[in-house]
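The values are calculated or read from the model by the stated rules, or taken from the named source; none is laboratory data. Note that this is a predicted model, so its numbers are computed, not measured. Using ideal geometry, Cβ is built from the backbone for each residue, glycine included, and neighbour counts are taken over all protein chains shown.
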Amino acid sequence: MIKTPQTISLTTSPKKTFAILLIGAFMALLDVTIVNVALPSIEHGINVSTSTLVWIVSGYALTFGLVLILSGRLGDRFGHKWTFLVGLSVFTLASLSCSLAQNSSDIIVSRLVQGIGAGFFSPAITSFIQILFTGKERSKAFGVYGAIVGLSTALGPLIGGLLIQAGGIHWGWRLVFLVNLPIGIITVPLAFLMLPETSDLGQKHNFDFIGLAILTIGLLLLLVPLVDGQSAGWPLWSFICLILAIPSFFLLWIWESHLDQLSKEPLITTRLLKQLHFAGGSLLAIVYFAAFTSIFFILSVLWQDGLNRSALTTGFMIVPFALGSMISASQSHKASAKLGRWVLVIGCFLVALGLFSLDIILHFHNTNIKAGYIALPLVIAGIGNGLVIAPNQDFVLKSVKPNEIGSASGLLTTSQRVGTALGIAAIGTVFFSSIHINSNHDLAQAFSHGAQVALIANTGLAITALVLVFLLPKKIPTE
């Protein structure tokens, strides 16, 4: 049943509204992986280092995640329509800036701003799903949203490969960013006309900028040494940063708990994190997204820099994962209704199985690996991926009070983006540090070895995510 409460004023059908939201979701999440296939072209086109390549991907995910909770709070106060419009506009303009980059500083800064735009409008999507739908229709909507998440993330390398093929190695990577421009130009005015207003505009909300600053510092203390430490030879400062991250997060918890006790509105609602199910679902999101999104980074670099394959071939290599994810995600709401949390157990198991199988195949075929050899493992992992993302979101958000939807969805999506950033940084470090080239070990063999080691780490993260599933309730909470 479609829910049309007095808190919103609908000027169009919920399905059309939902379609506009899904376009935004597709754009934001497409850019999580579409640049992966363009990384070798960017590397040679503007002469950047491997650490810059990691920053291009993980920096986007980091700023994406950092603004999500603040954006959810702003949406609760001023209306989710306006955070969607502002964020999508910033994202579109930053995409143009990325396409015009001339050096590593240009591309990194533009990607950071692009991530801010994506993070600013993303909480509005899940908030509107909660507002517009209820019961089985809400679960179905989250299933469709999950399909878009899996499809956009997995199709990114294919679309990127096609654009690089069309534009050539020197200009194709710029098209990867320019593709967002026409979509944004069309979607922004449509969203202005079709998204409903919320009636929470007069309610006052506090904005926890101190908490945001502490969180940003803590994540940077983790991410910077992970990205730059390996290329710099692991100097003393990298270990100091990692150690300082621990008291930073402890300080964040103290500050947020203090605001909670004063009945303020903290950046992170510690009441939610004290609930086992919500905390477990958020931790699961961090670990799981670290496990699966970094796969595309590793395979793209291996396929092009290591095995000298084309960007288009690299993109087609990921299609089996996309198909598996799309099929299972579209049916995940039915599976979760029947199986409860076992759908997440099965999903994580299939992802781990697919990654482990991929590692074994790569080990035996080494530099003679072909895309057809790894199609089945990627299909298996894709099916598992589709069974995890939407059900986990549904499990967690069903227990959240309506007035905390924006904050809760922001926190959960932040967990996903932080997991992506940390996963790419950590797995990227494992990958590049495992590549050793000498007279007896050619480039292709070195990259293949690095990918095998990285996939073992990916598999371990997927297994860890499987264990964390048991922190969730057995069934999706009823409304």
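Kindly check whether there is at least one residue in segment 375-393 that is over 19 Å from the mean Cα position of the chain (by Cα), surrounded by fewer than 19 Cβ atoms within 10 Å (Cβ to Cβ) and in the same structural domain as G75 (by TED's automatic domain parsing). Yes, segment 375-393 contains at least one residue that is over 19 Å from the mean Cα position of the chain (by Cα), surrounded by fewer than 19 Cβ atoms within 10 Å (Cβ to Cβ) and in the same structural domain as G75 (by TED's automatic domain parsing).
Evaluate segment 242-254: report whether one residue or more is at negative phi, of a type in the set (S, T, N, Q), part of a loop (DSSP other than H, G, I, E, B) and touching a helix residue (DSSP H, G or I) at 6+ places or on another chain (Cβ under 6 Å). No; the residues of segment 242-254 include none that is at negative phi, of a type in the set (S, T, N, Q), part of a loop (DSSP other than H, G, I, E, B) and touching a helix residue (DSSP H, G or I) at 6+ places or on another chain (Cβ under 6 Å).
Listed here are the residues, each with its yes/no results for (1) under 27 Å from T420 (Cα atoms); (2) of a type in the set (D, E); (3) free of Cβ contacts under 8 Å to residues at least 12 places away in the same chain; (4) outside the structural domain of L88 (by TED's automatic domain parsing).
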{"position": "L155", "(1), (2), (3), (4)": "yes, no, no, no"}
{"position": "I159", "(1), (2), (3), (4)": "yes, no, no, no"}
{"position": "G167", "(1), (2), (3), (4)": "no, no, yes, no"}
{"position": "H170", "(1), (2), (3), (4)": "no, no, no, no"}
{"position": "A191", "(1), (2), (3), (4)": "no, no, no, no"}
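So, I125, is that one touching a Gly at 6+ places or on another chain (Cβ under 9 Å), farther than 27 Å from I380 by Cα, assigned by TED's automatic domain parsing to the domain that holds H44 and free of Cβ contacts under 8 Å to residues at least 60 places away in the same chain or not? Taking the combined requirement at face value, the residue does not satisfy it.
Each row is one residue, and each column tells you yes or no for (1) more than 27 Å from G59 (Cβ to Cβ); (2) modelled with pLDDT of 90 or more.
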position: G423; (1), (2): no, yes
position: S433; (1), (2): no, no
position: N438; (1), (2): yes, no
position: A444; (1), (2): yes, no
position: T464; (1), (2): no, yes
position: F470; (1), (2): yes, no
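Checking A94, A101 one by one, the residue that is small (G, A, S), without any contact (Cβ under 8 Å) to a residue 24 or more places away in the chain and touching a helix residue (DSSP H, G or I) at 6+ places or on another chain (Cβ under 7 Å) is A94 and no other.
Among the aliphatic types (A, V, I, L, M), under 23 Å from N308 (Cα atoms) and surrounded by fewer than 22 Cβ atoms within 10 Å (Cβ to Cβ): is that true of L175 in this structure? Spelling it out, L175 is indeed among the aliphatic types (A, V, I, L, M), under 23 Å from N308 (Cα atoms) and surrounded by fewer than 22 Cβ atoms within 10 Å (Cβ to Cβ). When G24, G75 are screened for being over 17 Å from T153 (Cβ atoms) and not β-branched (V, I, T), only G75 passes.
Within segment 76-90, does at least one residue satisfy the condition of being in a helix (DSSP H, G or I), hydroxyl-bearing (S, T, Y), assigned by TED's automatic domain parsing to the domain that holds G117 and more than 30 Å from F447 (Cβ to Cβ)? Yes: segment 76-90 contains one or more residues that are in a helix (DSSP H, G or I), hydroxyl-bearing (S, T, Y), assigned by TED's automatic domain parsing to the domain that holds G117 and more than 30 Å from F447 (Cβ to Cβ).
Okay, residues lined up against (1) under 21 Å from F432 (Cβ atoms); (2) touching a residue at least 60 places away in the same chain (Cβ under 8 Å); (3) buried (at least 24 other Cβ atoms within 10 Å of the Cβ):
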residue: D31; (1), (2), (3): no, yes, yes
residue: V35; (1), (2), (3): yes, yes, yes
residue: I46; (1), (2), (3): yes, yes, no
residue: S49; (1), (2), (3): yes, yes, no
residue: T52; (1), (2), (3): yes, no, no
residue: V57; (1), (2), (3): yes, yes, yes
residue: L74; (1), (2), (3): no, yes, no
residue: F78; (1), (2), (3): no, yes, no
residue: T83; (1), (2), (3): no, no, yes
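A count restricted to segment 30-55 and to residues that are more than 14 Å from F296 (Cα to Cα) and assigned to a helix (DSSP H, G or I) stands at 9. Test I116 against the stated conditions and say whether it is closer than 19 Å to L411 by Cα, in a helix (DSSP H, G or I) and in contact with a strand residue (DSSP E or B) (Cβ under 8 Å, 6 or more places away or on another chain). No, not satisfied.
For segment 82-95, the condition holds for no residue, the condition being that it is more than 19 Å from S58 (Cα to Cα) and in contact with a Lys or Arg (Cβ under 8 Å, 6 or more places away or on another chain).
Scanning segment 220-269 for residues that are of a type in the set (V, I, T) and surrounded by fewer than 18 Cβ atoms within 10 Å (Cβ to Cβ) gives I240, I243, I246, I254. Residue check: is L181 in a helix (DSSP H, G or I) and either closer than 17 Å to G24 by Cα or at pLDDT below 90 (or both)? So L181 passes the test.
Step by step: first the residues of segment 352-405, then only those that are of a type in the set (G, A, S) and in contact with a Pro (Cβ under 6 Å, 6 or more places away or on another chain), then the one that is modelled with the lowest pLDDT. Which residue is that?
My answer is S399.
Matching residues to (1) among the polar types (S, T, N, Q); (2) more than 16 Å from V149 (Cβ to Cβ); (3) modelled with pLDDT under 90; (4) buried (at least 24 other Cβ atoms within 10 Å of the Cβ):
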residue: Y288; (1), (2), (3), (4): no, no, no, yes
residue: A311; (1), (2), (3), (4): no, yes, yes, yes
residue: F316; (1), (2), (3), (4): no, yes, yes, no
residue: S330; (1), (2), (3), (4): yes, no, yes, no
residue: K338; (1), (2), (3), (4): no, yes, yes, no
residue: V345; (1), (2), (3), (4): no, yes, no, no
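Annotation: V149 fulfils all but one of (1) touching a residue at least 60 places away in the same chain (Cβ under 8 Å); (2) over 17 Å from the mean Cα position of the chain (by Cα); the unmet one is (2).
In this structure, V35 does not qualify as at pLDDT 85 or above, out of contact with any helix residue (DSSP H, G or I) (no Cβ under 7 Å at 6 or more places or on another chain), over 15 Å from R417 (Cα atoms) and of a type outside the set (D, E).
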